[in-house]
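Written out below as structure tokens is the structure these notes cover.
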Ligand code: ADP
Ligand code: MG
């Protein structure tokens, strides 16, 4: 059973502490949603887990497959099966979606077996077609330059396609739902549900509750001020949609005052 284990993680940007002790475990096959107001450190958590150089881990640990994640370079984390879908995916002009994905698939295969000669082209084409069909994507998509001129919805779909093809063990999605119209949201959600069926563990970071109408999380966590201040099941997300975050804020403040 592959697990991502985060314990008492503290992270700073410059001299500003953003994460102030985050503890969380995600197992393969589980969907964890992290919700919370803007500016509370959700993206910071995602970027830190993937090794963005601006984010400094000042204390705490994270392990993936029993290894210290922070000892691994970003590409190593990715090859070993951790995936981060970006909130703002970058365009790579000149590199087609298909070429990009084939290179990534081959890197991952080589990590699992150093003698691997790469995926045969026909097998890759079939894999790509199968996943594009599942995500209801036009096949011409594969020949376009990655993210160049993609609409918001297409970028998000391309991220989910990457996950479906690469089959990571744990995937982190940072606001993959933002900027999607309802049809694109449904398709992306189906993609996430598909990942779960394939036993991928998903850390779903979202500002809005609406994606959780289509993806049923096993666990919901609320982040505030760089900490997880509340955890529960899917019902917590529904409660948040109805009542907002104020009641949690009050609870946290009362807790600090010791009452
Ligand atoms: P969220 O994803 O929950 O909206 P972020 O993790 O993006 O929050 O940001 C958390 C805090 O860190 C915010 O106060 C934000 O202003 C700050 N922050 C994020 N990135 C940087 C940066 N590169 N330099 C300085 N401060 C940053
Ligand atoms: Mg964010």
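A few notes on this one:
- Each of residue 58 and residue 235 was given a label point 7 Å from its Cα along the Cα-to-Cβ line. The distance between the two points is 3.8 nm.
- Angle between the chain longest axis and helix 121-134 axis [Cα atoms, degrees, rounded to 10]: 50 degrees
- Per-residue Cβ neighbour counts within 10 Å put 35, 72 in the sequence 72, 35, beginning with the fewest.
- Cα long-axis angle, helix 152-166 against the chain (0 to 90 degrees, to the nearest 10): 70 degrees
- Label zone at residue 15, where the point sits 7 Å out along the Cα-to-Cβ direction: segment 37-81 residues whose backbone N lies under 17 Å: 56, 58
- Stokes-Einstein D for segment 82-196, Kirkwood Rh over Cα pairs, 25 °C, 0.890 mPa s (µm²/s): 171 µm²/s
- Compactness relative to 2.2 N^0.38 Å, alpha carbon Rg of the chain: 1.02
- Antiparallel %, DSSP beta bridges [both residues in the chain], to 5: 60 percent
- Segment 3-256 - percent relative contact order, Cα under 8 Å, separation 6 or more: 28 percent
- Whole-number percent relative contact order across segment 80-173, with pairs defined as alpha carbons under 8 Å at least 6 apart: 55 percent
- Cα-based helix-to-principal-axis angle, 234-243 vs the chain, degrees rounded to 10: 60 degrees
- When 182, 228 are arranged by Cβ crowding within 10 Å, least crowded first, meaning fewest neighbours, the order is 182, 228.
- Counting neighbouring Cβ atoms within 10 Å and putting the fewest first, the residues 117, 20, 42 line up as 117, 20, 42.
- Gaussian network model of the chain, Cα within-10 Å springs - most flexible of 164, 91, 115: 115
Bear in mind that the values in this text are calculations on the coordinates, not laboratory data. Not measured: the values here are computed from a predicted model. A quick note on method: Cβ atoms are made from the backbone with ideal geometry, for glycine too, and the neighbour counts reach across all protein chains shown.
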